[in-house]
Amino acid sequence: MTATPSDIRFSDLGVPAPMAQALAQQGKETAFPIQADTLPDSLQGKDVLGRGRTGSGKTIAFAIPLAARLAASRRPRRAGRPRALVLAPTRELATQIDATLAPLAKSMGLNTTTIFGGVGQGRQVDALRGGVDVVVACPGRLADLMQQGHVSLGDIEVTVLDEADHMADMGFLPGVTKIMQATPEKGQRLLFSATLDNGVDKLVKKFLHDPVMHSVDDETSPVEAMTHHLFEVADADAKKDLVRTLASGTGRRILFMRTKHHAKRLAKQLTSQGIPAVDLQGNLSQGARERNLAKFSSGEALVLVATDVAARGVHVDHVELVVHVDPPTEHKAYLHRSGRTARAGSSGDVVTVTLPAERRDVAQMMRAAAIKVTPQQVTASSPAVTELVGETAPIRHLAPEQPAQQQRQRQPRATESARPESAGGGRRRGRGGRSGGAAQAPQAAPAAGGSARSTGGRGGRPVAEGAGAAATRSGSSRGGASGGASSGGQRRSGGSRRASSDVVRGGSAPVWSSEGGYAAGRSGAGESGGGRRRGGSRRASRPAGAADRH
């Protein structure tokens with residue numbers, strides 16, 4: 001069964017009239033199969049286990065009953081005590097869930113907010129204090145705010161676990177379990193997942209009460225609207241030519257790479273060749289991610305070069321082609337990446353580019369994914385390639401990103417070396433940039449939803465923050481996102497990738513999070529603690545021996 005609309009209207013399923021009208025204004029009047037199957041039970045307050053692949057319409061399937069239940073209970077908002085919780089594995093997915101959920105909630109007189117790492121927690125704490133009905137959260141940051149006393153889950157009426165299998169793959173289940181234990185046992189629980197392996201079944205048994213299971217299609221179900229291609233090239237040079245040709249069409253396309261460095265480099269190469277491209281990978285701050293996704297969504301850039309951080313939760317309409325420039329190593333990654341096209345009834349193509357040495361591994365991966373495709377020996381000019389690309393977009397150049405603030409004038413070096421540290425009381429030495437935004441840049445119009453303050457960039461130049469992101473960088477750092485300022489007086493490490501708090505694990509060693517790079521453990525430099533600030537040492541940016549991931 002494919003994710004195509006049924007002939008069942010939302011109004012026929014018992015959806016409250018304000019939400020049915022809000023959906024109709026978006027051109028959504030008939031339900032997708034997973035929505036038609038689950039809504040009769042979920043609207044009655046039953047716990048539901050929905051199994052369906054990415055792009056099948058799960059967000060609306062749980063957003064409707066969630067908003068309907070809160071509107072019916074008419075309980076007032078209380079500071080720091082939300083009434084519904086949606087847990088998601090990545091900040092991109094959390095953002096997109098909120099974009100779908102918020103209009104439906106608003107139609108019923110409800111409000112929403114998002115909670116995730118990679119940005120300062122101040123805005124999130126303020127939203128909680130002001131009273132919020134629905135929180136869409138990533139497990140790590142939510143657990144931090146719970147520990148700090150900013151949020152209590154004692155009033156939760158509905159809990160949703162979205163992409164539960166992905167949370168299991170990322171090692172979030174212990175944190176998810178603690179969060180679920182903090183919600184009232186009598187509340188309604190909705191769990192949506194493509195598969196039930198890797199411990200998801202344990203969550204179902206522990207927290208769902210007599211759940212009604214609806215399995216529309218799992219992650220390995222074939223998608224008739226998706227066409228798979230396996231292009232084998234002779235060598236690395238032929239691969240470069242083929243990838244450039246595949247990127248040069250007029251429609252939106254996503255190119256998947258294995259590492260952050262390669263994704264960033266390919267995006268720059270394509271842009272320099274007149275094919276506007278942006279990257280999406282774990283080293284980017286939240287603000288940079290949002291800006292790049294906005295350029296891709298608007299068509300300013302037709303190519304998104306991404307790591308597996310975009311394999312889940314990133315939905316952009318009308319992505320006509322997904323290219324596995326670096327074939328994934330396991331079939332789940334292939335299916336999740338490929339699921340960025342042929343969504344919600346649209347068609348799309350998926351190309352896997354392979355070298356002769358990768359032939360056997362790719363064949364095994366395809367078998368595990370239940371994909372049957374015949375390999376083709378191609379060059380960039382082969383008919384199979386040119387037919388797939390179709391019309392080539394005219395060469396143009398992506399406008400350079402303008403800084404949000406004017407560059408502040410550097411102080412003389414003698415003054416810099418004599419300036420005391422902001423919290424440590426000592427004197428700074430060396431050529432690194434200022435730590436933690438010691439100096440304010442002139443005020444400029446802030447980006448939507450965020451501040452326009454400067455945090456001190458390379459060699460003393462300010463790095464602008466926007467869209468709620470707090471990118472802390474330093475002079476000799478490699479520029480990883482550091483998680484931003486918090487209301488609790490965050491301990492910062494200039495240029496470090498350690499400050500995201502969305503992987504909750506013990507110890508102080510940095511660990512990886514797809515929500516925000518390298519995250520400090522509980523006793524490390526988290527967002528909840530105060531303390532001294534460190535300067536721009538390269539030592540803080542990466543743990544010894546760490547691999548370049550996502």
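Could you pull out the trypsin sites (Lys or Arg not before Pro) across region 125-190 that fall in loop regions by DSSP (anything but H, G, I, E, B) with no more than 14 other Cβ atoms inside 10 Å?
In loop regions of region 125-190 (DSSP not H, G, I, E or B), the sparsely surrounded trypsin sites (Lys or Arg not before Pro) are Lys186.
Can you work out the FRET efficiency for the pair Gln181 and Val212, with r the C-beta to C-beta distance and R0 = 25 Å, to the nearest 0.05?
It comes out at approximately 0.65.
Quick one: if you stick a label point 7 Å off each Cα along the C-beta vector at Lys268 and Arg244, how many nm between them?
So the two model labels end up 1.7 nm from each other.
To the nearest 0.05, how large is the calculated FRET efficiency for Lys202 and Ser381 if R₀ is 51 Å and r is the Cβ-Cβ distance?
0.45
Please list, or write none, the lysines whose alpha carbon is within less than 16 Å of the alpha carbon of Lys58, excluding same-chain residues fewer than 8 places away.
Lys28
Going down the table (Lys106/Lys295; Lys260/Lys332; Lys178/Lys260; Lys186/Lys206; Lys260/Lys295), which pairs top 24 Å between alpha carbons?
Pairs exceeding 24 Å: Lys106/Lys295; Lys178/Lys260.
Over the alpha-carbon set of region 17-122, divide Rg by the Kirkwood Rh and report the Rg/Rh ratio to two decimals.
Taking Rh as the inverse mean 1/r over Cα pairs, Rg/Rh reads 0.95.
Per residue, how much accessible area does region 127-247 have with a 1.4 Å probe, in Å²?
Accessible area per residue, region 127-247: 38 Å².
Counting Lys and Arg as +1 and Asp and Glu as -1, what is the net charge of the other residues whose Cβ lies under 10 Å from the Cβ of Val48?
-1
Spin-label point model (7 Å from Cα, Cβ direction): what's the Thr227 to Asp7 distance in nm?
Placing both labels 7 Å beyond Cα along the Cβ direction yields 2.9 nm.
Short version: ³J(HN,Hα) in whole Hz for each residue of region 141-154, in order, from phi by Karplus 6.51 cos²θ - 1.76 cosθ + 1.60 (θ = phi - 60°), x for Gly and Pro, what are they?
After applying 6.51 cos²θ - 1.76 cosθ + 1.60, I find 5, 4, 4, 4, 5, 5, 5, 7, x, 7, 9, 10, 9, x Hz.
Beyond 27 Å, what share of the Cα-Cα pairs of region 99-242 is found? Please give it as a whole percent.
Across region 99-242, Cα pairs with separations above 27 Å total 38 percent.
The values are calculated or read from the model by the stated rules, or taken from the named source; none is laboratory data. Computed from a predicted structure; not experimentally measured. Methodologically, a virtual Cβ is constructed for each residue, glycine included, from the backbone with ideal geometry; neighbour enumeration extends over all protein chains shown. We work out accessible area using only protein heavy atoms, side chains counted, and drop any ligands, DNA or RNA first. Shrake-Rupley method; radii C 1.70, N 1.55, O 1.52, S 1.80 Å.
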